[in-house]
1. List the GluC sites (Glu not before Pro) in the stretch 55-130 that DSSP assigns to loop (not H, G, I, E or B) and whose Cβ has at most 12 other Cβ atoms within 10 Å. Which are they?
2. Per DSSP H run of n ≥ 4, the term is -39500 (n - 2.57); total these for the chain, divide by its residue number, and report the mean residue ellipticity at 222 nm rounded to 500 deg cm²/dmol.
3. State to the nearest 20 debye the size of the charge dipole of the chain about its Cα centre, where the only charges are +1 on K and R beta carbons and -1 on D and E beta carbons.
4. Going through the stretch 70-170, which trypsin sites (Lys or Arg not before Pro) have at most 14 other Cβ atoms within 10 Å and a DSSP loop state?
5. For labels at A103 and D36 in the simple 7 Å Cα→Cβ model, what's the distance in nm?
6. Please give the per residue accessible area of the chain, computed with a probe of 1.4 Å over protein heavy atoms only, in Å².
7. What translational diffusion coefficient, in µm²/s and rounded to a whole number, does the Stokes-Einstein relation yield for the chain at 37 °C and a viscosity of 0.692 mPa s, taking the hydrodynamic radius as the Kirkwood radius over Cα pairs?
8. With charges only on Cβ, +1 for K and R and -1 for D and E, what is the dipole size of the stretch 68-138 about its Cα centre, in debye, rounded to 20?
Amino acid sequence: GHIYHEFGKPRINCLSWACQNRRSKKCKATLKTQHDSITILDDSNARHFPCLANYEKCDVFSHKADLRKAAKENCLAKTGQILAEQLVKLPVKSQPYAPNKSAQKKIIQRWKNRDEEKAPDTLKDLVISEKFRKLEGEDWLLFDSADEDNTGLHENERLIIFCTDENLKILAKSVQIE
């Protein structure tokens, strides 16, 4: 099999695809997709033997996409944890074709940092996005004075309390708070 990439200008409801080895091995394997059908345009003059590792390479392409997706969805998780969770999903036969671990970590770190917000100039400018209001799916931002009207704080002051329900229960059971 071949690994195909989009090729040419997209037309209405139709995409053209060419073998990834189109330039390097001058492979002429092409096809087009229209709605749910695939039409092979040219596979007769393939100038290279279809690589048996293409299935493994497809697994690696999917693995790299999964790394990016996991990094975006779990931006607070440790890079090593995301990598470990995704590596177990990559078939053993495909692992030799995957980038080394440090390259995979860089993929994760790039995507984790991609949506990082610019540091605010003042407390008033600080916006706590939804991804930082929860910790492992549980509410984490207990109170933010910016969300309240009458807090008794001065204009240049802000009170932000991060705490889980479980930690509140532990605090409530304590005998003395110093």
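The values are calculated or read from the model by the stated rules, or taken from the named source; none is laboratory data. Values in this document were obtained by computation on a predicted structure and should not be read as measured data. Neighbour counts are summed over all protein chains in view; Cβ atoms, including those assigned to glycine, are modelled from backbone coordinates with ideal geometry. Accessible surface areas use protein heavy atoms only, side chains included; no ligands, DNA or RNA. Shrake-Rupley method; radii C 1.70, N 1.55, O 1.52, S 1.80 Å.
1. Hits after loop and neighbour filter: E116, E117.
2. Working: 4 runs with 52 residues, N = 178.
Calculated at 222 nm, the ellipticity per residue is -9500 deg cm²/dmol.
3. Details: 31 positive and 27 negative charges, 420 e Å.
So the magnitude is around 2020 debye.
4. Working: sites: K72, K78, K89, K93, K101, K105, K106, R110, K112, R114, K118, K124, K131, R133, K134, R158, K169; in loops: K78, K89, K118, K124, R133, R158.
Sparse-neighbourhood loop trypsin sites (Lys or Arg not before Pro): K78, K89, K118, K124, R133.
5. Modelled inter-label distance: 3.8 nm.
6. Numbers: 13500 Å² over 178 residues.
With all protein chains present, the chain gives 76 Å² per residue.
7. On the way: Rh = 21.3 Å.
It diffuses with D of about 154 µm²/s by this estimate.
8. On the way: 17 positive and 10 negative charges, 95 e Å.
Value, rounded to 20: 460 debye.
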